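J.: This is the structure, below, for whatever I ask next.
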Amino acid sequence: MRPPVQFESVVCELCGKEPTKRLLTTRDLGWRKPGVFNLMRCENCDLIITSPRPVPADMQRYYEDWYSYGTVEDVRREQATSASNRFIQSMRLKELEKTGPLERGMRVLDVGAGMGVQLRYYIDHRGIEATGIDFDPTTTQHSLVKDQADLRTGDLLDAGLPADHFD
């Protein structure tokens, strides 16, 4: 039996301060992976981050076995067409907009964008300009928004994104 996933509280990657304002507490609704996560706003620079989050050594456990019910095209098709996924995306948008409205033309960065399901929903329903980054190259390669968004594979801190660019 594997040891449980280890979690860590984090400081803001932009300014190094501890985020103090909790915006939302949730579980992994899509893949039902372990953990309870808080979306936290850094009141120094306004970045919204997840804390606690899995330690880097355990992050890969959130990616393994997610293709277990079929091919990548099966997963992509299900992500694109599932009524339950549309419901989850609408609820995530509702929760996110508790922090402020998403409006046409806003520049949104999704860290952990996966196949771009959430970004696609934001593009379709709010007209945002989307950038997504994910550790997993398969998800960015097969993204639902690959022709509509700036997609990157890797770590946020190594992505070379412009400072003060995102809303």
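J.: Express the Stokes-Einstein translational diffusion coefficient of the range 37-167 in µm² s⁻¹, to the nearest whole number, given a Kirkwood radius over alpha-carbon pairs, 37 °C and a viscosity of 0.692 mPa s.
T.: 210 µm²/s
J.: Something else now. Could you please state, rounded to a whole Å, how far the C-alpha centre of the range 77-103 is from the C-alpha centre of the range 124-144?
T.: 14 Å
J.: Another question, then. Provide the packing ranking of 94-107, 141-154, i.e. peptides ordered by the mean count of other C-beta atoms within 10 Å per residue, highest first.
T.: Final packing ranking: 141-154, 94-107.
J.: Taking a label point 7 Å from the Cα of Arg61 along the Cα→Cβ vector, which residues of the range 13-30 have an amide N closer than 16 Å to it?
T.: 28
J.: Over the chain, average the accessible area per residue using a 1.4 Å probe and give it in Å², no decimals. Write down the numbers at each step before the final one.
T.: Working: 10160 Å² over 167 residues.
Spelled out: the 1.4 Å probe surface of the chain, per residue, equals 61 Å².
J.: Taking the chain as a Gaussian network, where each spring joins two C-alpha atoms under 10 Å apart, which residue of Arg76, Arg53, Arg32 fluctuates the most?
T.: Arg32
J.: Give me the percent of accessible area attributable to carbon and sulfur for the range 98-167, probe 1.4 angstrom.
T.: Carbon and sulfur together cover 44 percent of it.
J.: If you put +1 on each Lys and Arg Cβ and -1 on each Asp and Glu Cβ, how big is the dipole of the chain around its Cα centre, in Debye rounded to 20?
T.: It comes to approximately 580 debye.
J.: Let me ask another. Along the three principal axes, how long is the range 1-106 when you take its alpha carbons, biggest first, rounded to the nearest angstrom?
T.: Computed over the range 1-106, the largest-to-smallest principal extents equal 44, 43, 20 Å.
The values are calculated or read from the model by the stated rules, or taken from the named source; none is laboratory data. Quantities reported herein were computed from a predicted structural model and do not represent experimental measurements. Positions of Cβ are backbone-derived with ideal geometry, glycine not excepted, and every protein chain shown enters the neighbour counts. Surface areas here come from the heavy atoms of the whole protein model, side chains and all, with no ligands, DNA or RNA. Shrake-Rupley method; radii C 1.70, N 1.55, O 1.52, S 1.80 Å.
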